[in-house]
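Undergrad: The structure is given below, and queries will be raised subsequently.
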Amino acid sequence: MPKKICVVGTGYVGLIAAVGLSDFGNNVVGVDLDKKKIDMLVQGISPIYEPGVEDYLNRNLESGRLTFTTEIAKALQESNVIFIAVGTPEKENEEADLSYVEAVVDTIAENLNEYKVIVTKSTVPVGTNRWIKELLKKKTGGNNFDVVSNPEFLREGKAAQDFFHPDRTVIGYESEKAKDIMFRVYRTLNVTSVPFVWCSLETAELIKYASNAFLATKITFINEIANLSEAVGADIHQVAKSMGMDGRISSKFLHPGPGYGGSCFPKDTKAIVSFGKKFGVKMKLIDSVIKTNELQKERMVEKIKKLSGTLKGKTITVLGLAFKQQTDDVRESPAITIIDKLLKEGVNVQAHDPKAMDNFSKLFPDIMYCHTAYDAAKNADALLIVTEWNEYRGLELSKLKTIMKGDILLDTRNLLDPDDVKEAGFIYEGVGRK
Ligand SMILES: NC(=O)c1ccc[n+]([C@@H]2O[C@H](COP(=O)([O-])OP(=O)(O)OC[C@H]3O[C@@H](n4cnc5c(N)ncnc54)[C@H](O)[C@@H]3O)[C@@H](O)[C@H]2O)c1
């Protein structure tokens, strides 16, 4: 049994890892530089909206197995397994920014008072774990550690479910000692027969990028077919459903929409193209996925422009700001591109999101944020649904129609029944269906 686990970074991934590993029976300390976050966590309040996470947080705080602190040196010294879960955002040149990881590695080197396993949970380009190993060796002048790659595959909005019931757990390792410790850290998953992939550091790193790039490709593929569906008069839902019935294809990630966003797919697809280039491999397919996805977001603005005639001076309601439902995360959300373009066209934007308005208002402080979808629809010329929140499925269309000035409804997630919308008096357009 490991003495203690330290999770460095308590964002979307680190927080779930900390509460999850503690729920497995481990003693865990979560560390973050952000004092506000730690103050909330100590009180059992989740700084992010993620279904179920607050229950796990409180249950494990009460058990005494889970603590949070900003005192990183002490937490590192008292732990013998350290998970790195800090951000690896996109740099201007589209590579992954490893400066947060490097800063943590420096601090680990300064506090390596006994043998420790350093586990990289952050998504890092191939070669990073070997680089971490070299850095630690150089800085500590010894080998009193092992480095393990343990990429995270959770989906925001379903993070707790994914942590406790992953499709697989991938562990890149080089020493039997580290493998044995990792086996015990995750013993609960071993008992519940989750498949474990034990592999090299490079293989683990590439599995993560290949998985994200494939999912981004699948979304982009169905969006392209949806665009063709519109042109030829086919129904994308029947096309996607029938494709998904083929076991080789599977029905997941075949939902057309405004393009993928979020904290992972955009930056990870760019990073794999970038490190592919460094290794002398042109990632032409993924490169075209990135570009095609950008066009899909812009296409939504073109659609609303075509429906509305001129956009200048119009009032448009945007329902949904998060990059997907069940999260408050707005990183790379399609709503960012769409609203940015609408504002440049001289549109007055009235927005609503059940959870993401605080985060979005940091990016766009000057648009109008409304308490309800109906408030956001007041006197609007057109309405756009951008995030697939369930509450938008149940909108009272006749009420919307009386509140709005205009009659245009663009449903970028195909949430509504086109016949119902038309019956309520709207001009309706979705994605991939006429
Ligand atoms: N968000 C996801 O759905 C998801 C899924 C799988 C993998 N990942 C990967 O996991 C990593 C973390 O992503 P995230 O979404 O949780 O990021 P995040 O930005 O939500 O959280 C990162 C946290 O690390 C903290 N931090 C930064 N430097 C620190 C330091 N030196 N010491 C202590 N804390 C520090 C920040 O304050 C922040 O709270 C990324 O590499 C990401 O690609 C994310």
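The values are calculated or read from the model by the stated rules, or taken from the named source; none is laboratory data. Note that the coordinates shown come from a computational prediction; the quantities given were computed from them, not determined experimentally. Here Cβ is always computed from backbone atoms with ideal geometry, including for glycine, and neighbour counts include all displayed protein chains.
Undergrad: Search region 147-162 for residues that are under 18 Å from E54 (Cβ atoms) and part of a loop (DSSP other than H, G, I, E, B) and pair each with any residue that is within 9 Å of the ligand (Cβ to nearest atom) and aliphatic (A, V, I, L, M) when their beta-carbon atoms are under 8 Å apart and the residues are at least 6 apart or on different chains.
TA: L154/V13; L154/I16
Undergrad: D329: outside the structural domain of E90 (by TED's automatic domain parsing), in contact with a Ser or Thr (Cβ under 9 Å, 6 or more places away or on another chain), crowded, with 17+ Cβ neighbours inside 10 Å and in a helix (DSSP H, G or I), yes or no?
TA: Against the criterion (outside the structural domain of E90 (by TED's automatic domain parsing), in contact with a Ser or Thr (Cβ under 9 Å, 6 or more places away or on another chain), crowded, with 17+ Cβ neighbours inside 10 Å and in a helix (DSSP H, G or I)), D329 does not qualify.
Undergrad: Counting only residues that are closer than 30 Å to G157 by Cα, free of Cβ contacts under 8 Å to residues at least 60 places away in the same chain and in contact with an Asp or Glu (Cβ under 8 Å, 6 or more places away or on another chain), which one in region 395-417 is surrounded by the fewest Cβ atoms within 10 Å (Cβ to Cβ)?
TA: Going through the qualifying residues, I end up with L397.
Undergrad: Among N212, N150, which is the only one that is surrounded by 14 or more Cβ atoms within 10 Å (Cβ to Cβ), assigned by TED's automatic domain parsing to the domain that holds Y56 and among the polar types (S, T, N, Q)?
TA: N150
Undergrad: Continuing with the same structure: Looking at region 259-274 only, could you name the residues that are in contact with a helix residue (DSSP H, G or I) (Cβ under 8 Å, 6 or more places away or on another chain) and within 16 Å of the ligand (Cβ to nearest atom)?
TA: Once the filter is applied, which keeps residues that are in contact with a helix residue (DSSP H, G or I) (Cβ under 8 Å, 6 or more places away or on another chain) and within 16 Å of the ligand (Cβ to nearest atom), region 259-274 yields Y260, G261, S263, C264, F265, P266, D268, T269, K270, A271, I272, V273.
Undergrad: Condition test on V117, is it of a type outside the set (K, R), closer than 18 Å to I181 by Cα and either outside the structural domain of A204 (by TED's automatic domain parsing) or near the ligand (Cβ under 9 Å from one of its atoms) (or both)?
TA: So V117 passes the test.
Undergrad: Right, here's the next one. Return the total of residues in region 91-109 being within 12 Å of the ligand (Cβ to nearest atom) and farther than 29 Å from A213 by Cβ. Break it down into steps so the answer makes sense when it comes.
TA: In the first step, residues of region 91-109 are kept if they are within 12 Å of the ligand (Cβ to nearest atom); the result is 96-108.
Imposing the further condition that a residue be farther than 29 Å from A213 by Cβ reduces the set to 106-108.
Looking only at that region, the number is 3.
Undergrad: What are the residues in region 180-203 that are without any contact (Cβ under 8 Å) to a residue 60 or more places away in the chain and either under 30 Å from H237 (Cα atoms) or in contact with a strand residue (DSSP E or B) (Cβ under 9 Å, 6 or more places away or on another chain) (or both), if any?
TA: F183, N190, V194, P195, F196, V197, W198, C199, S200, T203 - these are the residues of region 180-203 that are without any contact (Cβ under 8 Å) to a residue 60 or more places away in the chain and either under 30 Å from H237 (Cα atoms) or in contact with a strand residue (DSSP E or B) (Cβ under 9 Å, 6 or more places away or on another chain) (or both).
Undergrad: Would you call D340 within 20 Å of A376 (Cβ to Cβ) and out of contact with any strand residue (DSSP E or B) (no Cβ under 6 Å at 6 or more places or on another chain)? Give the derivation first.
TA: Values: within 20 Å of A376 (Cβ to Cβ): yes; out of contact with any strand residue (DSSP E or B) (no Cβ under 6 Å at 6 or more places or on another chain): yes.
Judged against the criteria, D340 is a match.
Undergrad: For region 134-147, enumerate the residues that are in contact with an Asp or Glu (Cβ under 8 Å, 6 or more places away or on another chain) and either surrounded by 15 or more Cβ atoms within 10 Å (Cβ to Cβ) or outside the structural domain of E174 (by TED's automatic domain parsing) (or both).
TA: Across region 134-147, the qualifying residues are L135, D146, V147.
Undergrad: What number of residues within region 21-56 satisfy the criterion of being surrounded by fewer than 19 Cβ atoms within 10 Å (Cβ to Cβ), acidic (D, E) and under 23 Å from the mean Cα position of the chain (by Cα)?
TA: 3
Undergrad: Here is a follow-up. Quick one: K91 ticks every box in (1) crowded, with 17+ Cβ neighbours inside 10 Å; (2) free of Cβ contacts under 8 Å to residues at least 12 places away in the same chain except a single one, so which number is it?
TA: Only one criterion in (1) crowded, with 17+ Cβ neighbours inside 10 Å; (2) free of Cβ contacts under 8 Å to residues at least 12 places away in the same chain is unmet by K91, namely (1).
Undergrad: Sticking with this structure for a sec: Within region 385-394, count every residue that is part of a loop (DSSP other than H, G, I, E, B) and free of Cβ contacts under 8 Å to residues at least 40 places away in the same chain.
TA: 1
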